[in-house]
Amino acid sequence: MEPTQYLAKILEELQVAVTTISDQNAHKLVERIAAANKVFVSGAGRSGLMGKAFAMRMMHMGVDAYVVGETVTANLEKGDLLIIGSGSGETKSLIPIVEKAKSLGGDVAVVTLSSESTLAKLADLTIILPGSPKDHSGNSSITIQPMGSLFEQTLLLFYDSLILSYMENKQLDSQTMYGKHANLE
């Protein structure tokens, strides 16, 4: 198959993925972002990279947003929100972060594949995205893509859709957001 044919198939998979996401829970997450004093984002591996892009866009909108584990990350307090992206919902390094956030009075949202996962059960709000669990069989009826690619792509696009919804609610536009874009590049 040609690379552009693979691309077309990936886009088809993403189109199907959109239809499985709960708008109700997505709206709840946008409301929680707007209500939070500070927003923290975390994930491991590629899911973590998607979270970093999300945190950057929130910062551009004026949200006090941080990536967990960075040297300039503030402290989480009551009234803050932690958003975790984890395909499996079982990422061992993320579970203690969620437990700590909850013990400090933080609100926790988890974006995952599994509503039955440990992280989903700990969360105050869970959003289920499509994809196939990471396994080593190579067999999936959901996607032709390797490993967690469908989940990670959908995660980035879902995060971008939250940004657009927040922008609409706060009457922000891209031009306004450029005022917070890095200028020491």
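Roughly how many nanometres apart are two label points built 7 Å out from the Cα toward the Cβ at residue 103 and residue 70?
According to this spin-label approximation, the distance is 2.5 nm.
Going by C-beta contacts inside 10 Å, put 115, 149, 88 in order with the fewest on the left.
115, 149, 88
In what sequence do 155, 113 fall when counting other Cβ within 10 Å, fewest first?
113, 155
In terms of Cα to Cα distance under 20 Å, which aspartates and glutamates are near enough to residue 92, apart from those fewer than 8 places away along the same chain?
Of all the aspartates and glutamates, those that pass the test against residue 92 - Cα under 20 Å, at least 8 places apart if same chain - are 70, 107, 116, 124, 135, 152.
Apply the a/c threshold of 1.5 to the C-alpha gyration tensor of the range 55-125 and tell me whether it is rounded, prolate or oblate.
Here the range 55-125 falls in the prolate category.
Order of 77, 31 from fewest to most other C-beta atoms within 10 Å?
Placing the least packed residue first, the sequence is 77, 31.
About its Cα centre, how strong a charge dipole does the chain have in debye, to the nearest 20, once Lys and Arg get +1 and Asp and Glu get -1 at the Cβ?
Its charge dipole is roughly 340 debye.
Across the range 151-164, in residue order, what do the Karplus-derived ³J(HN,Hα) couplings come to in whole Hz, using 6.51 cos²θ - 1.76 cosθ + 1.60 with θ = phi - 60° and x for Gly and Pro?
My calculation for the range 151-164 gives 4, 5, 5, 5, 4, 4, 5, 5, 4, 5, 5, 5, 4, 4 Hz in order.
Over the chain, what relative contact order in percent results from Cα pairs under 8 Å that are six or more residues apart?
Contact order relative to length: 24 percent.
Could you give the longest part of the chain that holds none of the trypsin sites (Lys or Arg not before Pro) found in DSSP loops with at most 14 neighbouring Cβ atoms within 10 Å?
1-77
Bin width 10 Å, alpha-carbon pairs only: give the P(r) of the range 3-171 as whole percents, running from 0 to the bin holding the largest distance.
Here the calculated profile for the range 3-171 is 11, 41, 35, 12, 2.
Any read-out appearing in this document is the output of simple, stated calculations on the displayed coordinates, not a laboratory observation. What you are looking at is a predicted structure, and each value in this text was computed from that prediction instead of being measured. Ideal geometry is used to build each Cβ from the backbone, glycine not excepted, and the neighbour counts take in all protein chains shown.
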